[in-house]
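As structure tokens, the structure follows; a few thoughts come after it.
The values are calculated or read from the model by the stated rules, or taken from the named source; none is laboratory data. Worth saying up front: this structure is predicted, and the values here are computed from it rather than measured. Glycine also receives a Cβ, built like all others from the backbone with ideal geometry; neighbour counts cover every protein chain displayed.
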Amino acid sequence: MAEALADQRGKALATGEAAFRPWGAWTSLLWVVAAEAIRTLVDLGLDRVPLQAFGPYAYAARVLVIILSWITPLIVLLVAVGIAHGSFAAYCNWRRPGVRAIALAVVTFLVAETVLRGVPYLATGSLRNNLPVEDYRAMIAPGTWPWLYVLKYWPAAILAPLVEETIYRGFLWRALAASRLGNAGAWLVAALFFALVHYHYYIQNGQFFPGELISPFIFGLIFGFVRWRTGSTIAAMITHALGNVGLTALTVLAVLYGWP
């Protein structure tokens, strides 16, 4: 009886996979570019909203603006997946990770932090040079609870991993991996586009700094490694979230304890 049910479930899954035809690699890239471009346009419009006009509700309005900005590309991709007659969760591989996948996501974060923070420290003798200490000092007034700095970056801990991993290690990865590039090509190309979209790192005050592309590209490779090894976009989200929280938490600790 159990074998019969398992066979029926397998057939149902197979039928579900065959019910939609995923977009090709080039078309998926265009969808991603469109999603990011539309988000940029939305941001330009939201930046003109006078939040102070909301008075005591200004913070709530700001939260709403942040959420609208982040969900815009997801809405575009929802349309893309809908046209393909697919399930968004299945299409973007929102597969619930098992214990091993979660463990790999956490271990990958710890190893990456040790290497990416440790190597510069050994080379320069300074940990603060690799942390946004000045940003922390500018944001937190004297006497303010230090960990408020971490809480203020909640979009980086929640929205960024959800949206960016869905786009690059979910929607885009599916198309690239199904092409001649395979998983290896998807790993590299998704990381490259992930780096390119973080233009605020390498374009500052109208100047181009090519070296600043390296950091987001490396992180794209790290998140892609987790996605590749676990087969779950959610596992990549966990590593991404830990990385973003770890950056702000280490900054607070460095200032509190006077780390070099």
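List of remarks:
- Residue among Ala123, Ala177, Ala141 that alone is of a type in the set (Gly, Ala, Ser) and within 28 Å of Pro73 (Cα to Cα): Ala177
- Of all residues in region 97-147 being in contact with a Lys or Arg (Cβ under 7 Å, 6 or more places away or on another chain) and within 15 Å of Leu250 (Cα to Cα), the one that is surrounded by the fewest Cβ atoms within 10 Å (Cβ to Cβ): Leu127
- Filtering region 116-132 to residues that are aliphatic (A, V, I, L, M) and over 20 Å from the mean Cα position of the chain (by Cα) leaves Val119, Leu122, Ala123, Leu127.
- Looking only at residues in region 38-50 that are within 23 Å of Leu74 (Cβ to Cβ) and of a type outside the set (Val, Ile, Thr), the one that is surrounded by the most Cβ atoms within 10 Å (Cβ to Cβ) is Arg39.
- Only one of Ile71, Ile67, Ile75 that is part of a helix (DSSP H, G or I), out of contact with any Cys (no Cβ under 7 Å at 6 or more places or on another chain), among the aliphatic types (A, V, I, L, M) and buried (at least 16 other Cβ atoms within 10 Å of the Cβ): Ile71
- Cβ-Cβ under 8 Å pairs, at least 6 apart or on other chains, region 47-66 side within 22 Å of Tyr153 (Cβ to Cβ), far side basic (Lys, Arg): Leu51/Arg62
- Some residue of region 223-236 being within 28 Å of Ser126 (Cα to Cα) and in a helix (DSSP H, G or I): yes
- Pairs linking a residue in region 238-260 that is in contact (Cβ under 8 Å) with a residue 40 or more places away in the chain to a residue that is surrounded by fewer than 20 Cβ atoms within 10 Å (Cβ to Cβ) and polar (S, T, N, Q), with Cβ atoms under 6 Å and 6 or more positions apart or on different chains, are Pro260/Ser126.
- Qualifying residue in region 179-192 (condition: part of a loop (DSSP other than H, G, I, E, B), over 16 Å from the mean Cα position of the chain (by Cα), among the small types (Gly, Ala, Ser) and modelled with pLDDT of 90 or more): yes
- Ala160, sole failed condition from (1) touching a residue at least 40 places away in the same chain (Cβ under 8 Å); (2) surrounded by fewer than 23 Cβ atoms within 10 Å (Cβ to Cβ); (3) part of a helix (DSSP H, G or I); (4) more than 13 Å from the chain's Cα centre (by Cα): (4)
- Candidates in region 139-156 are the residues that are part of a helix (DSSP H, G or I) and modelled with pLDDT of 90 or more; of these, the one that is farthest from Asn244 (Cα to Cα) is Leu148.
- Here Gly211 qualifies as assigned to a helix (DSSP H, G or I) and farther than 25 Å from Val79 by Cβ.
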